[in-house]
Amino acid sequence: MRRPIIAGNWKMYLTLSGALDLVKDLKERLKGIADRDIVVIPPFTYLHSCHKVLEGSNINIGAQDMHWEKEGAFTGEVSPFMLTDCGCKFCVIGHSERRAYFHETDEMVNKKIKSALIYGIIPICCIGETLEQREADQTFDVIEGQVRGGFAGLTSGQMGRVIIAYEPVWAIGTGRTATPEQANEVHAFIRGNLAGLFDTELANNVRIQYGGSVKPENCDDLMSQPDIDGALVGGASLKADSFARIVGFK
Ligand code: PGA
């Protein structure tokens, strides 16, 4: 059985006080939940303060990105070592916004995943096709390329610690969600790819989240699909009531 994992990606939103109010509220609302992993993913500048509030609770902290080096002259970057020092257990890698606006490639994603694993950070690696690619029938080629490139050179043991987030770019922040069947079809395809590149046991064990306009109204249907193991939530993770409802999916 794969343990569900729900993560809230706050992107570049909230103030420090808003972030603290949100984690305090979530800590209270979600305290009884033990059968799924819960992660909040604040901007870098709020990580440490949010960690202080959540320490010892059932809610983990993740970052939205990281550099692959431990330290160095890389102005503006944040290292995996710094993230663990702030209490981070997870890090989103290769989000489509980083791929589109900051030119992240599969090669960079691959370096970041390997580095995260060295520092004991669980990477949440995002993959997904654009609307153009879906309409040109390229979805499966794009996904296969991202899987091959992003996970190149990993052992089964390393891959077993990676979480994948399938996020069709056309569904992110648009209110347009993939149907549960559309999403599950891609999740199953990803598992098939992993079986070929690694082995069947690994493919069956890797957790694959769905992301893209996940909301209280659609989370139950999405999560009921056999190959969907949780959600990476953007907009709906900025409010305690909607994020708590998604975490508590039935
Ligand atoms: P959304 O974002 O839920 O606002 O569509 C998802 C994501 O980008 O991870």
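The values are calculated or read from the model by the stated rules, or taken from the named source; none is laboratory data. Source: prediction; values computed, not measured. As a convention, Cβ positions derive from the backbone with ideal geometry for all residues, glycine included, and neighbour counts pool all protein chains shown.
Checking ILE124 against (1) buried (at least 19 other Cβ atoms within 10 Å of the Cβ); (2) assigned to a helix (DSSP H, G or I); (3) in contact (Cβ under 8 Å) with a residue 40 or more places away in the chain: exactly one of these is not met. Which one? Against the list (1) buried (at least 19 other Cβ atoms within 10 Å of the Cβ); (2) assigned to a helix (DSSP H, G or I); (3) in contact (Cβ under 8 Å) with a residue 40 or more places away in the chain, ILE124 comes up short only on (2).
Looking for something within 16 Å of the ligand (Cβ to nearest atom), surrounded by fewer than 18 Cβ atoms within 10 Å (Cβ to Cβ), touching a residue at least 40 places away in the same chain (Cβ under 8 Å) and more than 27 Å from VAL53 (Cβ to Cβ) - is there at least one such residue anywhere in the stretch 65-82? Among the residues of the stretch 65-82, not one is within 16 Å of the ligand (Cβ to nearest atom), surrounded by fewer than 18 Cβ atoms within 10 Å (Cβ to Cβ), touching a residue at least 40 places away in the same chain (Cβ under 8 Å) and more than 27 Å from VAL53 (Cβ to Cβ), which makes the answer no. Is it the case that GLU201 is closer than 30 Å to SER17 by Cβ and not polar (S, T, N, Q)? Answer is no for this residue. Just the residues that are within 17 Å of the chain's Cα centre (by Cα) and of a type outside the set (D, E, K, R), please, taken from the stretch 52-82. Selection gives ILE59, ASN60, ILE61, GLY62, ALA63, GLN64, MET66, HIS67, PRO80.
The residues on offer are VAL109, VAL147, and the sole one that is in contact with a helix residue (DSSP H, G or I) (Cβ under 6 Å, 6 or more places away or on another chain), touching a residue at least 24 places away in the same chain (Cβ under 8 Å) and under 14 Å from HIS67 (Cα atoms) is VAL109. Within the stretch 194-203, the residues that satisfy the criterion of being more than 19 Å from the chain's Cα centre (by Cα) and either over 14 Å from GLN146 (Cα atoms) or surrounded by 18 or more Cβ atoms within 10 Å (Cβ to Cβ) (or both) are ALA195, GLY196, PHE198, ASP199, THR200, GLU201. Is there a residue being within 16 Å of the ligand (Cβ to nearest atom), touching a residue at least 24 places away in the same chain (Cβ under 8 Å) and surrounded by fewer than 20 Cβ atoms within 10 Å (Cβ to Cβ) anywhere in the stretch 39-48? Checked against the condition, which is being within 16 Å of the ligand (Cβ to nearest atom), touching a residue at least 24 places away in the same chain (Cβ under 8 Å) and surrounded by fewer than 20 Cβ atoms within 10 Å (Cβ to Cβ), the stretch 39-48 yields at least one hit.
Residues in the stretch 1-38 that are away from the ligand (no atom under 16 Å from the Cβ), modelled with pLDDT of 95 or more and either small (Gly, Ala, Ser) or part of a loop (DSSP other than H, G, I, E, B) (or both): 13 in all.
Among all positions in the stretch 151-164, there is at least one residue which is part of a helix (DSSP H, G or I) and under 19 Å from the mean Cα position of the chain (by Cα). Screening GLY175, GLY212, GLY230 for residues that are free of Cβ contacts under 8 Å to residues at least 40 places away in the same chain and either within 11 Å of the ligand (Cβ to nearest atom) or at positive phi (or both) leaves exactly one candidate, GLY175.
Within the stretch 83-133, which residues are small (Gly, Ala, Ser), under 16 Å from the mean Cα position of the chain (by Cα) and within 14 Å of the ligand (Cβ to nearest atom)? Residues satisfying the conditions are GLY94, SER96, GLY128.
The set of residues in the stretch 83-114 being small (Gly, Ala, Ser) and surrounded by fewer than 20 Cβ atoms within 10 Å (Cβ to Cβ) consists of GLY87, ALA100. The sole residue among SER224, SER213, SER156 that is of a type in the set (S, T, N, Q) and crowded, with 16+ Cβ neighbours inside 10 Å is SER213.
Annotation: of all residues in the stretch 233-250 being part of a loop (DSSP other than H, G, I, E, B) and within 10 Å of the ligand (Cβ to nearest atom), the one that is farthest from ALA63 (Cα to Cα) is LEU238.
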